[in-house]
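Written below as structure tokens is the structure these notes are about.
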Amino acid sequence: MARSNQIANILLVWLVIVLVDLLVVRDFTWVVDNWDIKRVVVNFGLSSLALLSLLFLLKPVITKSHVFRLAIYIVIAMPMLIQMSHFEVYRSFASSFGFYAFVEDPWMALSLWVEQFNIIKSIIILGAVYWSMRLLSLPSKPIVKWRYGLNILGFILLYLLTTFSWYGVSNFQNSTLAYYSTLLQMTKGQVLEFNHDKAIVPTSSRSIDDSPNIVYIVGESLTLSNMSIYGYEKDTTPKLQILKDNKKIIAFDNALSIGTHTRLSVPYMLVGMEGIDPLGRFYQTPTIFNYAKARGYNTAFISAQDTSWGHIKELFVDRDVDYFWDGVQINKDASV
């Protein structure tokens, strides 16, 4: 009977945190707009299961002392407050860009956070988490080691899946776990920094006032045989045909892609490399964004696809990209 009450308490705490995450950290409008989107449901569902597994792991720890209870309270509540404030402004959770901005100018970031501070929501979050910690800290039976081990394994697998899978999107996940997932992804990026040890492009001192705007369009999924500009019988590319007739574009007839897959072809297009690359020179080669930024341009990387797949985002979205937008932000089920 005691074990049944213990499980019921954990499930109740989990349900409260999930509801606060949906209706307070986010809001009811977000729930209405996203409840029937498969990718949102999968991400939130898996991260919520990971949270449930974590609560089972924390149950025996939180009863040890008030210090442990306070530490766990901070670990859970602090990310919820940060994510709530970020969501109030941007309708999204904190990203690596936000963390980098905080490191560069902590005072400005804190000032913005204070300006957008929602005291009512903050009180609800702090109160709900405090009540949850009190309920979890009630005396319980000794742990069963094999069950505890299974919980550890389940949490690790679910957490790694939602953090590193290309299908995982932190904006759709539990706010607390999404916060730490972003930090973990940034840490992974720092550990693997040697892969991105690119040559520094010297900054140009020439004026950019008379320079043209440059729009670099990559139609990576187009098939040449279905384009009228290359002789296809249906008029599938009328705008391109006009540009070609006016000699404003050139249709290359003998250009080869580095590969037949997105994770190969797009990256090599954006660094201008060709041919085989067994030594991975690609990782040390500056991108068109690095060159544009060095010349003085403002840069933007816009994609209709999900750029998490194939690590496209990790490869190209660095400090030389001023604006980043991908398909997930308009169609939450966007794929590759």
Q: Please enumerate the residues belonging to the range 20-51 that are crowded, with 20+ Cβ neighbours inside 10 Å and over 21 Å from Leu126 (Cβ atoms).
A: Val40, Asn43, Phe44, Leu46, Ser47, Ala50
Q) Hey, does the range 140-163 have a residue that's among the small types (Gly, Ala, Ser), under 29 Å from Asp318 (Cα atoms), at pLDDT 75 or above and surrounded by 12 or more Cβ atoms within 10 Å (Cβ to Cβ)? A) no
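Residues checked against (1) of a type in the set (D, E, K, R); (2) under 16 Å from Ile10 (Cα atoms):
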residue: Leu138; (1), (2): no, yes
residue: Arg147; (1), (2): yes, yes
residue: Phe155; (1), (2): no, yes
residue: Leu161; (1), (2): no, no
residue: Gly168; (1), (2): no, no
residue: Ala178; (1), (2): no, no
residue: Leu183; (1), (2): no, no
Q: Scan the range 260-277 for residues that are assigned to a loop (DSSP other than H, G, I, E, B) and not hydrophobic (A, V, I, L, M, F, W, C) and jot them down.
A: Thr260, His261, Gly272, Glu274, Gly275, Asp277
Q: Taking Lys293 as meeting all but one of (1) buried (at least 17 other Cβ atoms within 10 Å of the Cβ); (2) more than 18 Å from Ile200 (Cβ to Cβ); (3) basic (Lys, Arg); (4) more than 15 Å from the chain's Cα centre (by Cα), write down the number of the exception.
A: (2)
Q. Are there any pairs, at least 6 apart or on different chains, whose C-beta atoms fall under 6 Å, with the first in the range 198-223 and assigned by TED's automatic domain parsing to the domain that holds Thr260 and farther than 17 Å from Ala294 by Cβ and the second of a type in the set (A, V, I, L, M, F, W, C) and surrounded by 10 or more Cβ atoms within 10 Å (Cβ to Cβ), and if so, which?
A. Val218/Met269; Glu220/Val266
Q | helices (runs of 4 or more DSSP H) within the range 21-98 that include 2 or more residues more than 15 Å from Ser170 (Cα to Cα) and free of Cβ contacts under 8 Å to residues at least 40 places away in the same chain | A | 28-34, 66-90
Q) So Asp333 fits all but one of (1) of a type in the set (Asp, Glu); (2) modelled with pLDDT under 80; (3) surrounded by 13 or more Cβ atoms within 10 Å (Cβ to Cβ); what number is the exception? A) (3)
Q.
Please verify whether Ser170 is small (Gly, Ala, Ser), in the same structural domain as Ser53 (by TED's automatic domain parsing), within 18 Å of Ile76 (Cα to Cα) and over 24 Å from the mean Cα position of the chain (by Cα), treating the condition exactly as stated.
A. no
Q) Hey, does the range 174-194 have a residue that's in a helix (DSSP H, G or I), aromatic (Phe, Trp, Tyr) and modelled with pLDDT of 90 or more? A) yes
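The values are calculated or read from the model by the stated rules, or taken from the named source; none is laboratory data. Here the structure is a predicted model, which means the values were calculated and not measured. With ideal geometry, Cβ positions are generated from the backbone for all residues, glycine too; neighbour counts draw on all protein chains shown.
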